[in-house]
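Chemist: One structure, pasted below without further comment.
The values are calculated or read from the model by the stated rules, or taken from the named source; none is laboratory data. If you're wondering where the values come from, they're calculated on a predicted model, not measured in any experiment. Virtual Cβ from ideal backbone geometry, glycine too; neighbours counted across all protein chains shown.
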Amino acid sequence: MKQTVQFKLNGESIQIEVEPHLSLLQVIREKLELTGTKEGCGMGECGACTVLVDGKAINSCLFPILEVEGKSVTTIEGLIEADGTLHPLQRSFVENGAVQCGFCTPGMVLSAKALLDQHPKPTEKQIRLAISGNLCRCTGYIQIIRAIQAASEQ
Amino acid sequence: MTEFINVGKRIPKSDAQEKVTGKAIYIQDLKIPGMLWGKILYSHHPHARILNIDTSEAEKLPGVKAVLTGYNIPTIKFGFYKDNTPLKSNKVCSYRDEVAAVAAIDPDIAEEAINLIKVEYELLPPVFDPEEAMKEGAPLIHEDHLGGKEKKPTNILNIPWKLVAGDVEEGRKNSDYVAENRFKVTWVTHCCMGTSGCIAQFDPRDNLTIYSNTQIPSLAQRDFTEALSAMGLQGKKVRLIKATIGGAFGSKLDTYPYEYIAILLAHRTRKPVKIIFSREEEFFATSPRQAAIIDIAQGCKKDGTLTFRDVRMVLDNGAYTSWGATTPSVMMMPISSLYKVPHVRYVAKCVYTNNTYSQAFRGYGNPQATFAIESQIDSLAEMAGIDPLDFRLRNANTPGEVTPQRFKVGTCGLRECIDAVAQRLDWRQNRGKRDGRGVGMASLIHVGGGARVYKSDGCGTIIKVDDFGTVNVITGATDMGQGADTVIAQIVAEELGVRIQDVVVTHTDTDICPWDVGAHASRTTFVAGNSAKMAAKKVKEQLLEVASRSLGEVPENLEIRDRMVFSKIDPEKKSPLGKVLRAAHYTTGGKMVMAEYFYDPPNENLDKEFKGNLSVTYAYGTHGVEVEVDKTTGQVNILKYIAAHDVGRAVNPMLLEGQVYGGAAMGIGYALMEQLVLNNGKVINPDFRDYKILTASDIPTIEAITIETDDPFGPFGAKGIGEPGLVPTAPAIANAIYDAIGVRIKDLPITPEKILAALKGKDSK
């Protein structure tokens, strides 16, 4: 039995019919074809599927779709401005070499956004903690931490 | 020194914008209309005869389009030793053995179908310890595998790794001190954030297109072409298209059963078939770095001069043979050539067991060998009463040296690396206190100019310039996140005099891209870079030739910069690059500006004695660590991490530092926490909860120091840097732990449990 769920996705109100057992990640990637959100493990352990729900970073692979009813969801596709301008965090990731294979990047950027929205001038420790649920195998995190610091200084 | 415009600059990775916006398309994101989903049933036992496979229930399930087993597919043999098959018949030799596969209209149905397949097994005695597996009477993994002089059934592979240079017994006799130890290293896995996957599709003429994550497009194309022949499709074509690769680190240097299974399912169903690994599969069904038992002896004179190095190894090959079995060829490099050592012997055996089979992983054997060598160098220095820093400086490689393996040392910044690390760690002040804080260092040698593993070490490049001055670089190289796309663009932009944003690099399609041996041996910047540079040189000659006609100036006086061609002696003579190109195209008897170059470095294949100048240049480096060890918990805290590397030249310092940071982070994991735990052949920690990799909270601040030695063979002086970052990490940390608390851990990972046990043993003495 499909159910209707209504929520805001990247600023736009949407209403869709979904199987209630699906995760937010499955709906985003498969029904809505927003493939910027990645699945790295499907068990809430790697953070590649991180999106923002009402401004908080969550693992969308564990988030039941019906739980988003009436909430506001931001995916990586929602960060870029209408004219194509990158979000300052995205620009900072590019300029600071924070991106290698890029599979963790969307989730990493969104965890960083949740942090900066709450703490515009975070300490290094706060940055490390905020992205400690987002695994990266390429970069050793150093340039990611720097990118977030640089974005927070703008 | 020459002033460069593009080389040496911190230019962002070419595809970083796609990746930060979520627009990059990985294999996970690709869909083809009508596509089916493939799923694999793995063995339930480490060693068993297959008595029967009942697929009838699975076949009846609505939505299932094909069910394959080893009994209804053609025989396809693949792998370095040709001992692997896509689906196993007769018997299974490890838990990751593929027993059956399904294609269905969605992944859930495929999964359900897999669960409906019933397999009857007769259990066979397994063997998990390679030393046990070598013994007479041990269970045989492959009964038809014969070896030794008598050609008897054996688990020991017929790959006699043996390097002898000088006379180690003589060296031993002349030693004032000799250290002898056994070291052990275990399985660690790549943990690519994007799991493995592919999509196979046949056209109506039976030609295959496969979308893949591979690091070896040209070699994989050959493997799959052979598979088509085995399927009765001789002469059919294979086109391989790479999606954005979500990490590789050596894991994609071979072709795997799942790829052949996707091909077989696609051919059977006449539909595109996609297989994507779950994270659990990624942990247990991909090939880790090999486990090894390392017996090593080294000696020195009273003054610290090394006298000999004698190493014996047993490598756990697992049940099948991938390139992991050839890692001893790379282990030979540090064993023979890290520091000056006159007498060297190395013997290694690869042994079949019922464990998972291993593969290439960043460093390709070098991290294992270097862990043993560099840990023991500290022990030897201590025996001789010499500061390990002085010990290393005394024996450090120098330019002009020919090593026992006949490597010709060209540019070599090893001493500079050691010095830089010592200085940054304040070595003399901080060493030798045994107060819970300690410093340690370890060095590395690695190939820096590719490595002639195959007959060819080449890479092709095609460059064409369009009507508007856009430079299309079509390369055989593979970008898997390391930045090959960007570095190649910088090299071409520098050589041609064009802007980096006017260079577009294509590297994803075997129908378009020229041949390349693969993204291994840290070779891409060097080999693909040189190839691109030389193609660019040819293109530039053509461009200036064309421009000379329209500008009435001899080519020698022309230069290109900022999208303009201009005369160096007459500033009036200039023209936009695009206009020059258009003039060339829109002319009777016109000309297209395009060039190709195939660069194959002057590297030598190792001869029958495994000697020869494998690489035209070598990369060196030293890592230094300061640690604090909590004696009550055994916890190791890294206070300072210095990574100094001789890189020839940093074409892109930002991307290069990314390689060093990422390598060191992997190396720290290898040293302290990572371990794929196999319990009687079964991976019991197939998830990130139980297989720990470093998080952003764990990573220490790493300082990357770049030593530029401007290699005469490298593109603008560059050497390879992809792998070196993790090679000396584990021994540097082990040495620092010893300096801090006086215990030496000789098996990886160095967990708090091992440290506590060692401290307890020390106290009880």
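Chemist: Name every residue in the stretch B:688-700 that is within 7 Å of another protein chain (Cβ to nearest Cβ) and crowded, with 17+ Cβ neighbours inside 10 Å, in order of residue number.
Modeler: Correct list: B:Phe688, B:Ile693, B:Thr695, B:Ala696, B:Ile699.
Chemist: Taking the criterion of being more than 20 Å from B:Ala696 (Cα to Cα) and crowded, with 20+ Cβ neighbours inside 10 Å, would at least one residue in the stretch A:88-102 satisfy it?
Modeler: Looking for residues that are more than 20 Å from B:Ala696 (Cα to Cα) and crowded, with 20+ Cβ neighbours inside 10 Å, one finds none in the stretch A:88-102, hence no.
Chemist: Residue check: is A:Leu89 more than 13 Å from chain B (Cβ to nearest Cβ) and of a type outside the set (Gly, Ala, Ser)?
Modeler: Considered against the rule, which asks whether it is more than 13 Å from chain B (Cβ to nearest Cβ) and of a type outside the set (Gly, Ala, Ser), A:Leu89 comes out as no.
Chemist: OK, next. Count, please, the residues in the stretch A:103-125 that happen to be surrounded by fewer than 24 Cβ atoms within 10 Å (Cβ to Cβ) and either at the interface with chain B (Cβ under 7 Å from one of its Cβ atoms) or among the aliphatic types (A, V, I, L, M) (or both).
Modeler: 3
Chemist: Only one residue in A:Val53, A:Val73 is of a type outside the set (Lys, Arg) and either within 11 Å of chain B (Cβ to nearest Cβ) or out of contact with any Ser or Thr (no Cβ under 8 Å at 6 or more places or on another chain) (or both), so which one is that?
Modeler: A:Val73
Chemist: Out of the stretch B:244-276, which residues are in contact with a Phe, Trp or Tyr (Cβ under 8 Å, 6 or more places away or on another chain), in a loop (DSSP other than H, G, I, E, B) and away from chain A (no Cβ under 11 Å)?
Modeler: Correct list: B:Gly250, B:Leu253, B:Asp254, B:Thr255, B:Arg270.
Chemist: Could you grab me the full set of residues in the stretch B:165-209 that are under 22 Å from the mean Cα position of the chain (by Cα) and either among the aliphatic types (A, V, I, L, M) or under 15 Å from B:Ala243 (Cα atoms) (or both)?
Modeler: Listed by number, the residues that qualify are B:Val185, B:Val188, B:Cys192, B:Met193, B:Gly194, B:Thr195, B:Ser196, B:Gly197, B:Cys198.
Chemist: Related question: Within the set of pairs 6 or more residues apart or between chains, which connect a residue that is in contact (Cβ under 8 Å) with a residue 40 or more places away in the chain and aromatic (Phe, Trp, Tyr) inside the stretch B:511-538 to a residue that is crowded, with 24+ Cβ neighbours inside 10 Å and in a loop (DSSP other than H, G, I, E, B) with Cβ atoms less than 6 Å apart?
Modeler: B:Trp515/B:Gly476; B:Phe526/B:Gly449; B:Phe526/B:Gly450; B:Phe526/B:Gly714; B:Phe526/B:Gly720
Chemist: Can you give me the number of residues within the stretch B:286-338 that are in contact with a Ser or Thr (Cβ under 8 Å, 6 or more places away or on another chain), part of a strand (DSSP E or B) and under 20 Å from B:Gln675 (Cα atoms)?
Modeler: Qualifying residue count, the stretch B:286-338: 5.
Chemist: Next question. Looking at the stretch A:116-147 only, could you name the residues that are in a helix (DSSP H, G or I), more than 18 Å from the chain's Cα centre (by Cα) and in contact (Cβ under 8 Å) with a residue 24 or more places away in the chain?
Modeler: A:Glu124, A:Gln143, A:Arg146
Chemist: Out of (1) of a type in the set (D, E, K, R); (2) over 24 Å from A:Lys8 (Cβ atoms); (3) outside any loop (DSSP other than H, G, I, E, B), the odd one out for A:Lys113 is which?
Modeler: A:Lys113 satisfies every listed condition except (2).
Chemist: Related question: Taking only the stretch B:641-663 into account, find how many residues are farther than 16 Å from B:Thr729 by Cα and surrounded by 21 or more Cβ atoms within 10 Å (Cβ to Cβ).
Modeler: The number of residues fulfilling the criteria is 8.
Chemist: Which of the residues spanning the stretch A:31-53 are over 12 Å from the mean Cα position of the chain (by Cα) and among the charged types (D, E, K, R)?
Modeler: Of everything in the stretch A:31-53, those that are over 12 Å from the mean Cα position of the chain (by Cα) and among the charged types (D, E, K, R) turn out to be A:Lys31, A:Glu33, A:Glu45.
Chemist: Exactly one condition in (1) surrounded by fewer than 24 Cβ atoms within 10 Å (Cβ to Cβ); (2) part of a loop (DSSP other than H, G, I, E, B); (3) of a type in the set (Val, Ile, Thr) is not met by B:Ile638; state its number.
Modeler: In the conditions (1) surrounded by fewer than 24 Cβ atoms within 10 Å (Cβ to Cβ); (2) part of a loop (DSSP other than H, G, I, E, B); (3) of a type in the set (Val, Ile, Thr), B:Ile638 misses (2) alone.
Chemist: So how many residues does the stretch B:153-195 have that are within 14 Å of chain A (Cβ to nearest Cβ) and not small (Gly, Ala, Ser)?
Modeler: Summing the residues that are within 14 Å of chain A (Cβ to nearest Cβ) and not small (Gly, Ala, Ser) in the stretch B:153-195 gives 7.
Chemist: Looking at the stretch B:647-658, can you tell me whether even one residue there is over 30 Å from B:His45 (Cα atoms), in contact with a His (Cβ under 9 Å, 6 or more places away or on another chain) and either among the acidic types (Asp, Glu) or modelled with pLDDT of 95 or more (or both)?
Modeler: Looking for residues that are over 30 Å from B:His45 (Cα atoms), in contact with a His (Cβ under 9 Å, 6 or more places away or on another chain) and either among the acidic types (Asp, Glu) or modelled with pLDDT of 95 or more (or both), one finds at least one in the stretch B:647-658, hence yes.
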